[in-house]
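The values are calculated or read from the model by the stated rules, or taken from the named source; none is laboratory data. Computed from a prediction, not measured in an experiment: that's the story for all the values here. For neighbour counting, all protein chains shown are included, and Cβ atoms are generated from backbone atoms with ideal geometry for every residue, glycine included. Accessible surface is based on the protein model in full, side chains and every heavy atom, while ligands, DNA and RNA are left aside. Shrake-Rupley method; radii C 1.70, N 1.55, O 1.52, S 1.80 Å.
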Amino acid sequence: MVSQHQGQATGVTPPATANYAGRRAALRKQVFEGKLPPDALLITNTGNLYYLTGFTGSFGALLLTPDTERFVTSGIYATQAQAEIADLPIVLNPILKEFNATVAETAAALGTKVLGVESSVSVAGLQGLRRAMRRAGVRVRPIGAPVERMRQVKDAYEIARLRDAAHLADATFEHIQRLFQPEIAEWDIAMEIDFYIRRQGAYPAFETIAVSGERTALPHGKPTERRLQRGDFVTVDFGAKLNGYCSDLTRTVVIGKASAEQRRIYNAVLEAVQRCIDAIRPGKRGKQIDALARKVLAKHGLSDYFGHSLGHSLGLLVHDGAGLSFRDKQPLKAGMALTVEPGVYVPGFGGVRIEQDVWVTETGCEPLTHAPIELLEFDW
Ligand code: ZN
Ligand code: ZN
């Protein structure tokens, strides 16, 4: 249990629905009460639209001024937008009309002279927007990524959804254990993972990894027809996107009995993941946790075999902003959700990765994933 703080997870029963209006209010406060505020803000990034409104379509625009809101979308989403975002006035772009022109006219009608635009807009998207806005007498000003910054710190509703997604990943790992036996192909395992996740009403959060034998030395190897053999390492890395939120789980297991070298490498990675999870708390920097993993692996003479970052943020995307890499200099905050995934990859021998999902509490962190973490040997 942690103390109540800015709507973060509290151990109290989480709300059943997201507080979209509250998020929009917080965004307005941040943007319009800051330095040199624009007159209005335009949000078009689909993840940000979902975060701020609950709209699950792939195309729309949210216009916010200090005291009004409009949601612009096209006819294809007319019914869906009305059902999903009943609390916002909806403007439908007529068929045959340029979408940007409708957005520009809506912004101008709200008295906008300077429109703030998020940094995730593409170069081509920005050019088109500038042209349409110029015709409507509106200037465009990039304002960075305020919504992505908000999304870094999860509220109680989001932690509950991340827990659900992690729980599904745990169940998937348990389900596929029957396939950890000789003669099963890597892609049979990958397919069963994807099928199981979809059967539970979710989607694979990214392309599932299932590699075996020497191929476990490929951190992002694609599954092939290779069949498992006794003595193999097998690594699976997959995630579930459930109700918008992602999980991400990696486990390496052994078919048959582990050799002494396999066990040595596994235990080194296990020590790294556990030490890092113990060290995570608000105020620590991502790069410090990443450095700790390298220090633990160096003690075992294995740091040269760890060629990727320690972890990333989790949320609406599986890689959802700053996490635990040498580039992450900002202090961690309570409410962040992170993966912790050290790995050791020895070319010609094989590799081990263990990936846990955690969320940062006021005093440390709590696991989201609960699949067994000790070395599993499948000796049928
Ligand atoms: Zn992963
Ligand atoms: Zn990951």
Note to self: Can you tell me which residue is modelled with the lowest pLDDT among those in segment 328-343 that are within 16 Å of ligand 2 (Cβ to nearest atom) and out of contact with any Pro (no Cβ under 7 Å at 6 or more places or on another chain)?
What the structure shows: ASP328
Notebook entry, point to check: Given the structure, is VAL211 farther than 17 Å from ALA171 by Cα and either under 24 Å from the mean Cα position of the chain (by Cα) or open to solvent by 30 Å² or more (accessible area, probe 1.4 Å) (or both)?
Noted result: yes
Margin query: I'm checking my understanding of the structure. Among residues of segment 194-236 that are acidic (Asp, Glu) and more than 16 Å from ligand 1 (Cβ to nearest atom), which one is nearest to LYS257 (Cα to Cα)?
Written below: ASP232
Next item on the list: Hey, can you tell me all the residues within segment 99-114 that are surrounded by fewer than 19 Cβ atoms within 10 Å (Cβ to Cβ) and in contact with a helix residue (DSSP H, G or I) (Cβ under 7 Å, 6 or more places away or on another chain)?
Entry: ALA101
Notebook entry, point to check: Of the numbered conditions (1) closer than 22 Å to PHE378 by Cβ; (2) within 16 Å of ligand 2 (Cβ to nearest atom), VAL253 satisfies every one except a single condition; which is it?
Noted result: (2)
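Name every residue in segment 322-336 that is within 16 Å of ligand 1 (Cβ to nearest atom) and surrounded by fewer than 23 Cβ atoms within 10 Å (Cβ to Cβ), in order of residue number.
The answer is SER325, and nothing else.
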Next item on the list: For segment 172-221, enumerate the residues that are in a loop (DSSP other than H, G, I, E, B) and more than 15 Å from GLY239 (Cα to Cα).
Entry: PHE180, GLN181, PRO182, GLU183, ILE184, LEU218, PRO219, GLY221
Note to self: Among the listed residues THR46, THR68, identify the single one that is under 24 Å from the mean Cα position of the chain (by Cα) and open to solvent by 10 Å² or more (accessible area, probe 1.4 Å).
What the structure shows: THR46
Notebook entry, point to check: For residues in segment 237-261 being over 22 Å from the mean Cα position of the chain (by Cα) and open to solvent by 10 Å² or more (accessible area, probe 1.4 Å), which is nearest to ligand 1 (Cβ to nearest atom)?
Noted result: ALA258
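Let's see how each residue does on (1) open to solvent by less than 40 Å² (accessible area, probe 1.4 Å); (2) in the same structural domain as GLY239 (by TED's automatic domain parsing):
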{"residue": "ALA78", "(1), (2)": "yes, no"}
{"residue": "ILE85", "(1), (2)": "yes, no"}
{"residue": "LYS97", "(1), (2)": "no, no"}
{"residue": "VAL117", "(1), (2)": "yes, no"}
{"residue": "LEU129", "(1), (2)": "yes, no"}
{"residue": "ALA132", "(1), (2)": "yes, no"}
{"residue": "LEU162", "(1), (2)": "yes, yes"}
